[in-house]
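Here is the structure we will look at, set down as structure tokens.
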Amino acid sequence: MKCYTDQIDMMALLREIAPLTRTLASNDTDTALDILASILPGAKIKGFSSGSKVWSWTIPRRWELSSASIKVDGKTLVDVAWNPLHVINYSQPFKGTVSREVLLQHLRTNPERPQAVPFSFSFYEPVWGFSIPHEWLSLFTSDNYEVEINSRFEDGYLNTLSLFIPGETEKIFVVCANVCHPAQVNDSLTGVAVAVDIARRLLARKIRKYSYLVMIVPETIGSIAFLANHPEIVNQSIGGSFSEMLGTVGPLVGKRTRQTNGYWDKLLENVLSNSGLPHELANFLKSACNDEKVLDSPGVDIPTFSLTRYPYPEYHTSDDNIDLIDIDRLREGRDVLQSVIDLAERDYIPVLNQPGPVFLSGYDLYPNWRDDPSLLPLWKSFIDVMYAIDGFHSVVELAAMHHIPVSHFFYWTDAFAEKSLLTKRPFILSRMVDQRKNLA
Amino acid sequence: MKCYTDQIDMMALLREIAPLTRTLASNDTDTALDILASILPGAKIKGFSSGSKVWSWTIPRRWELSSASIKVDGKTLVDVAWNPLHVINYSQPFKGTVSREVLLQHLRTNPERPQAVPFSFSFYEPVWGFSIPHEWLSLFTSDNYEVEINSRFEDGYLNTLSLFIPGETEKIFVVCANVCHPAQVNDSLTGVAVAVDIARRLLARKIRKYSYLVMIVPETIGSIAFLANHPEIVNQSIGGSFSEMLGTVGPLVGKRTRQTNGYWDKLLENVLSNSGLPHELANFLKSACNDEKVLDSPGVDIPTFSLTRYPYPEYHTSDDNIDLIDIDRLREGRDVLQSVIDLAERDYIPVLNQPGPVFLSGYDLYPNWRDDPSLLPLWKSFIDVMYAIDGFHSVVELAAMHHIPVSHFFYWTDAFAEKSLLTKRPFILSRMVDQRKNLA
Amino acid sequence: MKCYTDQIDMMALLREIAPLTRTLASNDTDTALDILASILPGAKIKGFSSGSKVWSWTIPRRWELSSASIKVDGKTLVDVAWNPLHVINYSQPFKGTVSREVLLQHLRTNPERPQAVPFSFSFYEPVWGFSIPHEWLSLFTSDNYEVEINSRFEDGYLNTLSLFIPGETEKIFVVCANVCHPAQVNDSLTGVAVAVDIARRLLARKIRKYSYLVMIVPETIGSIAFLANHPEIVNQSIGGSFSEMLGTVGPLVGKRTRQTNGYWDKLLENVLSNSGLPHELANFLKSACNDEKVLDSPGVDIPTFSLTRYPYPEYHTSDDNIDLIDIDRLREGRDVLQSVIDLAERDYIPVLNQPGPVFLSGYDLYPNWRDDPSLLPLWKSFIDVMYAIDGFHSVVELAAMHHIPVSHFFYWTDAFAEKSLLTKRPFILSRMVDQRKNLA
């Protein structure tokens, strides 16, 4: 698999954005999006009004928290100033003295990671409450507690970042990542860093076959808001990726699109299988899932794969911080995603210019693997490639059908084309004809 | 699986009909059909003349037996008055004294069930003979025997019962059972009882999507005679069931149609798999088979599944009597068959009214499984159902494709429809376009 | 499987042709083709000029060798007069004294078969050299050797034998074998003997459904040259066979066409599976392969299976001689290939003349397997055959779909046809509509 050169300092970007309390809609979320827009020329911040209807969903109000604490006799037991995760995300405001029994119903902990603050949220059910390390429960021995949560809900905008990078065709590939998950890094900021790095690489190119829509949004409702307001994007989108949790040491997990065995599934599996990296493959919606649930939902139907290293033990806790991130693992994730995109860019339908097996000796195409043993696998793939060509399917499809590394396939068909033995017929992926039919 | 309320006293019906010597065509067969017609308003008795041609078959003559016995020196060894099974069904008449050697060639026994009289028949090869318990052979020590079989073959009619129950569409589902098998109960009368109970339930309904043809006939030739004379029924039939041997304790056996994985196969498998009942599935023509061999034969092509509890040790012997029948097991068989029919009645193509995953919280659709744990499996199926909907396939088909209990699927799509999030597009099963093409 | 009567004395033919130094283009090759033409009425010898372009290939020059030897001090160590394999086939001429070090680079041996002369060739890379038994290397102790290879390359023709046998349709089945492999017999002459025997059998028939093109050519370039100059043959060809290495004792190996599961694959597998002979099946291009690589290449697209007994230990050595050949094994290979052809000739689409299962008793079609136990397997296949008939697929296709011996299928459908219960609709295999599309 190709190793790409960094386009941005991904670690620096993570360090800058990580501390912000990024959520569905808030000032900190907007700040994070502004930082990202500043390094993505052409990126636009688009806002969607609270209360407006997007498909079957409603845009929530913005949430701001000025302070929150639990005190006993003037002594502070919990203060959100210590850690943004201490208050349930989107918590209702509250002020009052409550009994121990009542308070415990409003405390969330994670007994499996007793020293960490778990990430808690309640976007659509109105609750108030705190998150604390499980170990702290033993400190709550008093009968009564003074509780104060100074949160407020405001009408305004839920904001999103989008960057459209035009290509030779109007067909769009969507590169999606989530800006949210306050104070956390692997989830989802590492996916943002990879998306930005890829976006800058695509921007730097003179020629792109496909157009790209880089979309950095709060989870679920962000994608819904953007796509519901941009049906023209949906109608032109032929594929998408979602990336997150790529900075930890576990194996890469490629999650298939809803099609299960479509174009992107074949390509993702081929790239991972020939990457030499530890990896797994999972079906759509199996294992943790995010905005691919929106992009690849009925009626939206953008075949979207996902790339993560989930699970990891620090998931959804205060331990998911910058110290967890391994830049080499993050680069591997970026390389896999960029390879998938680039092989799709390169794909074509190989059409032979004459019948019969190609006369390798006659065209000086015989690879000298005796002198250069690294050519041996390529030589061994000649027969498979030669007899796989059918004049209909693209290189990516043929490589998948015949279990040949897609890079080996290009080695031979590019060489044939150079000797005028083969014509590269353009291949542009289409939206399936039966898509959008699941709507009345 | 839904438990239905009895429409008739199935045990009483079995007790009434069981003693009759029901065969292909005979007075007792006619009596049985008349009894059934009396409790099925609208049912018709149709007769087909002996010797007439039905497809490649010929209607046999009627068979009546007035008496039959084997005697030695005036002492009666066998008398058909003791048990109707003692004479081979459709035996030729015979009178004379025969040697022990000759007689033994005309005696049939079942060594594996030595105390029971086996059921023997020879409809198309002319033979004469008796059936006796294997143990009785030791009584045949004399050199000569006086044998008398007073049977006669008569021209006349082979009769069938049919009840047409019209629905909103002209597409017909055939409910078939066999009236024959003299003196036996599980085989095939239990299937008749279930068919009658279901027929009365269907009759009682104001709305039926499909039309129904309840067909109670002597085995094989009865179905052939009826369908050969009613091509309009064949041409409108989109499915069928055959039921028999449902009153014993063994697991239910669902036998697939000739299509193997067609609409009824998927529905039958889904219902059985989610019934909580011990069951097996078998392919078409594997295991004992009956009139599905006619309904689902080339050129007839009515995809017909079969429901039985075969095998059971008393099969085809005098031990297959009313004491064998367990009413609860019989009701389970009835419930499975009625469920298959009712889920097909209820089936529709779910078409979403907007893109994207449904916003459950926004429509009060979130099942409160914390308070009602029985809702947990339904809640768990939400994601599977939500992302299975494709706007093309019916609920039954989608449930099969995605291995979701069909009742869970209806739970969600019905709820979506109630909130105007989904449109129920009518689904009517068609005969396959390539059916009837196997005829010249 | 049917055993056929020999049309020629295959062993005599092998003995006559074996000693000739048959290669791509040479006098001995021409002599072999002339001998074959003399026993194949209507066969034509067609030549293709050296240097002419055939698809991406170029016709090589003819190669003649007058003498060749290695001497030390007047003593002969190797002389091609001892064995034609001693010189690398298509070796460049050479004359001179060379050091031991240089000579060893031009000697080829097979350490795994140390007493045999290996078959060496270099058709497209210009080299000179000898082949000797590995054991002889110990004789090469001198410092210098007098080497002489009197070979010459001549412009002229590369010759091929072709015999067109017209049938009722213009659709062609190609029977291909290779004339080359100097001094060897199993590889490839046994395939030639089988092809000639079959050709004479086909010629002797008054009626043939398909036309046949028997093609006996030097390996690879011979097929390419012929087919490149006969596009009309390619355009009409619906299948082909390649036969070789059939005279040894190992199991028959049926190698599938590039379609893997097409018409000929199904037929070949059905015949082999029901032949009672030890056999294996391999996919296209797996295991040793020959001219099926040409016939069944992209743009040529003649689905071609191959029948061999490869591997065998004497392969590509001087031990592959007439003593190796077992005439009974050779006949088995011939019988399999002829059976495949004859079942395709016999194939038709069975279409029933009436609905429903056939009334066997009414048409005296019940096989009396109680008297003739050999009929039992046929009787057991009745149900499978009866319910497999679909009015669309041919007997060969249905037999494959339902895993029924194709001969059993014909037993029943022929019998039904004789009783006017079934019509035989003609079945002619077509070239796939998407063939030749892999060319620009």
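Kindly indicate whether any position in region A:302-309 is of a type in the set (F, W, Y), within 14 Å of the chain's Cα centre (by Cα) and surrounded by fewer than 23 Cβ atoms within 10 Å (Cβ to Cβ).
no
Return the pair list, or none, for Cβ contacts closer than 6 Å from residues in region C:43-60 that are within 14 Å of chain A (Cβ to nearest Cβ) and among the aliphatic types (A, V, I, L, M) to residues that are part of a strand (DSSP E or B) and crowded, with 16+ Cβ neighbours inside 10 Å, at least 6 apart or on different chains.
Short answer, once both residue conditions are applied: C:I59/C:F48; C:I59/C:L158.
Listed here are the residues, each with its yes/no results for (1) hydrophobic (A, V, I, L, M, F, W, C); (2) within 14 Å of chain B (Cβ to nearest Cβ).
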site	(1), (2)
A:V72	yes, no
A:L85	yes, no
A:K95	no, no
A:Q105	no, yes
A:E112	no, no
A:E125	no, yes
A:G129	no, no
A:W136	yes, no
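For B:N353, state whether it is within 14 Å of chain A (Cβ to nearest Cβ), polar (S, T, N, Q) and farther than 20 Å from A:S56 by Cα.
When the stated conditions are applied, B:N353 does not pass them.
What about C:L203, is it over 17 Å from C:D187 (Cα atoms), surrounded by fewer than 22 Cβ atoms within 10 Å (Cβ to Cβ) and either in contact (Cβ under 8 Å) with a residue 24 or more places away in the chain or under 18 Å from the mean Cα position of the chain (by Cα) (or both)?
It is true that C:L203 is over 17 Å from C:D187 (Cα atoms), surrounded by fewer than 22 Cβ atoms within 10 Å (Cβ to Cβ) and either in contact (Cβ under 8 Å) with a residue 24 or more places away in the chain or under 18 Å from the mean Cα position of the chain (by Cα) (or both).
Under 7 Å between Cβ atoms, which residue pairs at least 6 apart in sequence (or on different chains) link something in region C:370-392 that is more than 12 Å from C:P405 (Cα to Cα) and more than 11 Å from every other protein chain (Cβ to nearest Cβ) with a partner that is of a type outside the set (A, V, I, L, M) and buried (at least 18 other Cβ atoms within 10 Å of the Cβ)?
As it stands, the answer is C:L375/C:P367; C:W379/C:P367, since those pairs meet every condition given.
In region C:36-48, which residues are surrounded by fewer than 17 Cβ atoms within 10 Å (Cβ to Cβ) and assigned to a helix (DSSP H, G or I)?
Within region C:36-48, C:S38 is the sole residue that qualifies.
A:S339 - would you say it is away from every other protein chain (no Cβ under 14 Å), assigned to a helix (DSSP H, G or I) and touching a residue at least 40 places away in the same chain (Cβ under 8 Å)?
Taking the combined requirement at face value, the residue satisfies it.
Provide a single number: the residues in region B:199-215 that are of a type in the set (F, W, Y) and in a loop (DSSP other than H, G, I, E, B).
The qualifying residues number 1.
Would you say A:E219 is among the acidic types (D, E) and buried (at least 17 other Cβ atoms within 10 Å of the Cβ)?
When the stated conditions are applied, A:E219 passes them.
Go through (1) within 14 Å of chain A (Cβ to nearest Cβ); (2) surrounded by fewer than 18 Cβ atoms within 10 Å (Cβ to Cβ); (3) within 21 Å of the chain's Cα centre (by Cα); (4) among the aromatic types (F, W, Y) for C:F121 and report which single condition fails.
(2)
Just to be sure, is B:E219 free of Cβ contacts under 8 Å to residues at least 12 places away in the same chain and of a type outside the set (K, R)?
Answer is no for this residue.
With the checklist (1) within 12 Å of another protein chain (Cβ to nearest Cβ); (2) out of contact with any Pro (no Cβ under 9 Å at 6 or more places or on another chain); (3) buried (at least 23 other Cβ atoms within 10 Å of the Cβ) in hand, flag the one item A:L272 doesn't pass.
(1)
May I ask you to list pairs of residues, at least six apart or on different chains, whose Cβ atoms are under 7 Å apart, with the first in region A:256-268 being farther than 13 Å from A:A399 by Cα and in contact (Cβ under 8 Å) with a residue 40 or more places away in the chain and the second being polar (S, T, N, Q) and part of a loop (DSSP other than H, G, I, E, B)?
A:R256/A:N283
Kindly indicate the residue of region B:302-319 that is over 30 Å from B:L85 (Cα atoms) and assigned to a loop (DSSP other than H, G, I, E, B) and also farthest from the other protein chains (Cβ to nearest Cβ) among those meeting that condition.
B:P303
When the residues of region B:427-440 are narrowed to those that are surrounded by 17 or more Cβ atoms within 10 Å (Cβ to Cβ) and modelled with pLDDT of 95 or more, which ends up nearest to the other protein chains (Cβ to nearest Cβ)?
Looking at the filtered set, the residue picked out is B:F427.
Enumerate the pairs (first residue in region A:414-426 and at the interface with another protein chain (Cβ under 8 Å from one of its Cβ atoms); second residue anywhere and hydroxyl-bearing (S, T, Y) and surrounded by fewer than 17 Cβ atoms within 10 Å (Cβ to Cβ)) with beta-carbon separation below 9 Å, excluding pairs fewer than 6 apart on the same chain, so at least 6 apart or on different chains.
From residues that are at the interface with another protein chain (Cβ under 8 Å from one of its Cβ atoms), the pairs are A:L421/A:Y363.
Look through C:N321, C:N235 and report the one residue that is surrounded by fewer than 19 Cβ atoms within 10 Å (Cβ to Cβ) and either farther than 23 Å from C:E345 by Cβ or among the aromatic types (F, W, Y) (or both).
Matching residue, one of C:N321, C:N235: C:N321.
Any idea which of B:G51, B:G96 is on the phi > 0 side of the Ramachandran plot, surrounded by fewer than 16 Cβ atoms within 10 Å (Cβ to Cβ), in contact with a strand residue (DSSP E or B) (Cβ under 8 Å, 6 or more places away or on another chain) and not in a strand (DSSP E or B)?
B:G51
Does C:L267 satisfy being within 28 Å of C:A400 (Cα to Cα) and at pLDDT 95 or above?
Here the answer is yes, as C:L267 does meet what is asked.
Scan region B:138-161 for residues that are touching a Gly at 6+ places or on another chain (Cβ under 9 Å) and of a type in the set (F, W, Y) and jot them down.
B:Y157
In this structure, is C:G333 more than 14 Å from chain A (Cβ to nearest Cβ), within 13 Å of the chain's Cα centre (by Cα) and of a type in the set (G, A, S)?
Yes.
Can C:A81 be described as surrounded by 18 or more Cβ atoms within 10 Å (Cβ to Cβ), away from chain A (no Cβ under 14 Å) and either among the small types (G, A, S) or in a strand (DSSP E or B) (or both)?
no
The values are calculated or read from the model by the stated rules, or taken from the named source; none is laboratory data. Being a predicted model, the structure only gives us computed values, none of them experimental. Every residue, glycine among them, receives a Cβ derived from its backbone with ideal geometry; neighbour counts consider all protein chains shown.
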